[in-house]
1. Please tell me if residue 212 is assigned to a helix (DSSP H, G or I), surrounded by fewer than 17 Cβ atoms within 10 Å (Cβ to Cβ) and modelled with pLDDT of 95 or more.
2. Determine, yes or no, whether residue 21 is β-branched (Val, Ile, Thr) and within 17 Å of residue 173 (Cα to Cα).
3. Look through 311, 303, 262 and report the one residue that is surrounded by fewer than 18 Cβ atoms within 10 Å (Cβ to Cβ), within 20 Å of residue 9 (Cα to Cα) and either in contact with a helix residue (DSSP H, G or I) (Cβ under 8 Å, 6 or more places away or on another chain) or of a type in the set (S, T, N, Q) (or both).
4. Go through region 1-59 and give me each residue that's over 23 Å from residue 362 (Cβ atoms) and of a type in the set (Ser, Thr, Tyr).
5. Out of 152, 171, 103, I need the residue that is at pLDDT 95 or above and touching a Leu at 6+ places or on another chain (Cβ under 8 Å). Which one?
6. Can you pull out every residue in region 160-209 that is polar (S, T, N, Q), closer than 28 Å to residue 11 by Cβ and not in a strand (DSSP E or B)?
7. I'd like to verify a number: residues in region 87-100 that are without any contact (Cβ under 8 Å) to a residue 40 or more places away in the chain and either in contact with a Leu (Cβ under 7 Å, 6 or more places away or on another chain) or closer than 13 Å to residue 42 by Cα (or both), how many?
8. Got a number for residues in region 259-316 being basic (Lys, Arg), outside any helix (DSSP H, G or I) and more than 14 Å from the chain's Cα centre (by Cα)?
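The values are calculated or read from the model by the stated rules, or taken from the named source; none is laboratory data. Predicted model, so just to flag it, every value in this text is computed and none were measured. Note that we place each Cβ from the backbone using ideal geometry, even for glycine, and neighbour counts take in every protein chain shown.
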Amino acid sequence: MIYTPRERVLTAMNLQKPDRVPLMCQFSIGSMMQQLKPSPAEFWYDGRVFAEGLAELCSRFNFDGILVSLHGHSPCWRESVTEIRDLEEGRQEVFFKERTELHSWSDLPMVYQLEKSINKDIAEIDIENDIPSVIDYIPVSAGLYFKIDLQHKFDIFPLLTEMTNGKYSIHGEITSPFDYLLDMLGYEQGLISLIMEPERCKAILAKFAAGIGDLAEEMCNCDIDAIKISSPFAGMGFISPEHYAEFVLPYEKAIISRIRAKGKHVYIHTCGHIDDRLELMRDSGASGLECLDPPPVGNVDLKNAFDRVGKSMFIKGNIDSVYSLLYADDEKAESDVLDIIETGRRGDGFILSTACSIAPMVSGKRILMLSELVNRSGLYQP
């Protein structure tokens, strides 16, 4: 039986084996820019341009699914822009009244003037009024925010379904309450506050979790198959397993239960070293795990991860985008990917992917290699 790309991903997420190992990598903004060479500002702010880019890259590289990392694009975004200034090739300055942004083909936008106050003192936060009940922004990176247009929160999903005729598995994305906490307090003060003000941190996390859960539930009404919870700061490089169990797990678990109740899959994306908390992540009730970075970026052995949590969660990973795809020679790159395919094929539910996002400077040839290898060596026995 030959599966459609969407059926292939859904089967793997259901801990079953389709015709072959599904392939679905997450593109970084920089990697999308490098492959498409669009107007950087339009690609970031225009929902149709962004959707067209996602559909084009999925088709070009023979992926089975599309991750929508940004949603809620405003159709009137140009009305708040005072000027767009073209610089050298692939760079644009975008001027707003309250900030200036540098957009380029190389990475995420850089913000010169912040529209949001950051590094707040936790004692000064009014939890009732300072923590939004309705989540209207995505904390993309330090000082960089993507504003969600509340009148157009999910326009991109039916647009993508129409563009692709429902061929691919489409996944949405939300951000962990822990990220919102660190963004509000600043990373250093946020981590210190876990120790100095734990109960106040928990109150903030609970308020964010309620709003994010509402957003996720509404997203579930779209024609999507899964939601990714982006939780990059929850690895052992930042917090202990004990703090993970106290400040991350309960709040992500609350959101996950709401998504699962709506009949959608949900998976956790945590970068770096997570070997010491795989079982805690399983206890969240999530359908799957993404990243599982191998050494040296992380410390996860794929076979060991399958042995420990693979009976209850699908695994999406774990190609090293830097040392296997970007810097390795052809022989090593192919060997690394084939080893991962072979290990993944033995598991109950596996989706071949880069561990984290595709690094910006990974060539199109290397990305295309993934589909060639999975079609050659990722077939399941009938």
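1. no
2. Spelling it out, it is not the case that residue 21 is β-branched (Val, Ile, Thr) and within 17 Å of residue 173 (Cα to Cα).
3. The match here is 262.
4. 3, 4, 11, 45
5. Values: 152 fails: touching a Leu at 6+ places or on another chain (Cβ under 8 Å); 103 fails: touching a Leu at 6+ places or on another chain (Cβ under 8 Å).
Residue meeting the stated conditions: 171.
6. Correct list: 161, 164, 165, 176.
7. Selection size over region 87-100: 2.
8. Number satisfying all stated conditions: 3.
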